[in-house]
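Step one of this worksheet: look at the structure below.
The numbers here are math on the coordinates, done by the rules we state, and not lab data. Computed from a predicted structure; not experimentally measured. Note that we place each Cβ from the backbone using ideal geometry, even for glycine, and neighbour counts take in every protein chain shown.
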């Protein structure tokens, strides 16, 4: 029954011109965190390679990068604000979701800064600033 329901739901979304979407990520250590600032992107030419988001909750700020690349890549994420920044948290080879967190930047306007390295290319983007 659940399988049939999933097919019907996806079929309805496609029939109405939409696409089935994955749930928005939340920090693994704070599922109640909420997104702050706008979502940023990392692009290679006109192709979106990754999205960058920032969250707040549980007494900390969190940065997240989700990579959509198909070729081998390595992603990293850090938080930046008020002239301070966290060291980048680097994911494993082809790790699609990478998170970082900081309590030290709670009183600053911050953005999450993500980097995707593909071969010799190092591509960077940032989320919107949040105060």
Query raised in the report: Going 7 Å from the Cα of residue 71 toward and past its Cβ, which residues in region 86-107 have a backbone nitrogen under 14 Å from where you end up?
Result: none
Query raised in the report: Which whole-percent values make up P(r) of region 42-131 when all C-alpha to C-alpha distances are grouped in 5 Å steps starting at zero?
Result: 3, 16, 28, 23, 15, 10, 5, 1
Report summary line: In nm, the gap between the two label points placed 7 Å beyond Cα toward Cβ at residue 121 and residue 39 is 2.1 nm
Report summary line: Stokes-Einstein, Kirkwood over Cα pairs, region 27-82, 20 °C, 1.002 mPa s; D in µm²/s equals 172 µm²/s
Requested in this report: Quickly work out the residue 107-to-residue 129 label distance, labels modelled 7 Å from Cα along the C-beta direction, and quote it in nm with one decimal.
Outcome: 1.9 nm
